[in-house]
Structure formats: structure tokens, C-alpha cells
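*Asks:* I have a structure here, written as C-alpha cells, and I will follow up with some questions on it.
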Amino acid sequence: MYTREQASFIKQKFWTTLGQFLALQPSAEGLKVNWLNYKTGLKHVYFRMDADKNSAYIGIEMHHPDLGIQELFYEQFLEFKPLLNSLMEEEWEWELHGLDERSGKTISRIYHTQQGFNVFNENHWADIIRFLSPRMITLDSFWADAKYSFDALKG
């Protein structure tokens, strides 16, 4: 078992490694992008990646405090479900108004999780990176096409 400081150091080292790997990849629009802190341009809509001692996670999260508006974002994403599935070449989980365990708040999300990874085991890092990086790059490609349909929900 690791101390909180050791666990934080290992995770920071992993995210730095992933960030350096992804930094070589331009966005779908040919721009330099901070992949670990991806900017969707929509307040309360985030692309998230995470890894822990059991799994790796990537997703689109909607954190709007007004649950009605959060549902509008979710419904707009539903319109793009066939495109997202086609680009990802896999089905993702869709959750309207679930609980974010970190914040305790209600969020909606579209996500994919892979079990069997342990971010605290450096031997797993290459596999975690192979799981996260192509999906994040594909999310960016998806967003390059879909983001304009969300302009009416900006605000």
C-alpha cells in the first residue's frame, strides 16, 4: 500500500508520461492541444480520462448544475450517438443524471471503462496509454464535427 504522497507522485508521473506521449499528436484541426485538460469550449462539458488501481476510464462528462440543461446537453449528444459509435468502433455507456463519486454531484456522462489496469504498476502504463490515447484522439475528431451543433447551448 502506498502513502497518499507516494500514490500522488506515481499518478502524477503517469499523467506526465501520457501527456508527453499525446503532445506529439496535433488535434483533428491541426492545432496543438493540451490533451490532459481538453477544452471543449462548452462550460460544464468535459472530456475526462482517469486511471486507478483497477481500471482506466475515458468519457464525456456534463456537469451543468441545472439538471434540465444537463439533460439538454445529454439529448444533443444522443443525436450524435451513431457517429460516436462509428468513430470509436465500440459501444460506450450512456448515463443520464448519475452520481459523480468524487464531487457527490449529479452528472451525465458517456464513457468507456477497461478493467484490469493498475496505474500503480508501471508495467501497465503502456497498456493504459494504448487504451486512453486513441480514444482521446478519436473524441477530438468527433468533437471537431459535433461541437457546432452545441452552439445554441453555450452560455
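Just so it is clear, none of the values below were taken in a lab; they were calculated from the coordinates. The structure presented is a predicted model; accordingly, all values stated were derived computationally and were not measured. As a convention, Cβ positions derive from the backbone with ideal geometry for all residues, glycine included, and neighbour counts pool all protein chains shown.
*Asks:* Can you give the FRET efficiency for His112 and Thr3, using 1/(1 + (r/R0)^6), R0 = 30 Å, r = Cβ-Cβ distance, to the nearest 0.05?
*Replies:* For R0 = 30 Å, the calculated efficiency reads 0.45.
*Asks:* Could you check the simple spin-label distance between Arg48 and Trp94, using points 7 Å along Cα→Cβ, in nm with one decimal?
*Replies:* It is 2.0 nm.
*Asks:* Ranking Tyr111, Tyr2 by Cβ neighbours within 10 Å, fewest first, what do you get?
*Replies:* Exposure proxy ranking, most exposed first: Tyr2, Tyr111.
*Asks:* Can you put Ile137, Ile107 in order, fewest other beta carbons within 10 Å first?
*Replies:* Ile137, Ile107
*Asks:* Suppose every K and R has +1 on its Cβ and every D and E has -1 on its Cβ; what is the size of the dipole of the chain about the Cα centre, in Debye to the nearest 20?
*Replies:* 600
*Asks:* Of the labelled options (i) 44, 36, 31; (ii) 65, 38, 22; (iii) 46, 37, 27, which one gives Cα extents along the principal axes in Å as computed for this structure?
*Replies:* Calculated Cα extents along the principal axes in Å: the matching label is (iii).
*Asks:* Something else about it: Mean Kyte-Doolittle of at least 0.0 and a Cα length of 20 Å or more along the axis: which whole DSSP H helices of the chain meet both?
*Replies:* Those that pass (Cα extent of 20 Å or more, hydropathy at least 0.0) are 125-146.
*Asks:* Below 8 Å, C-alpha to C-alpha, sequence gap of six or more: please give me the relative contact order for segment 4-153 in percent.
*Replies:* Once normalised by length, the contact order is 27 percent.
*Asks:* What is the distance in Å between the Cα centroid of segment 96-148 and that of segment 45-71?
*Replies:* 8
*Asks:* Oh, and also: Test of understanding: what is the full-extension gain from Ser141 to Thr17, defined as 0.36 nm times their sequence separation minus their Cα-Cα distance?
*Replies:* 42.4 nm
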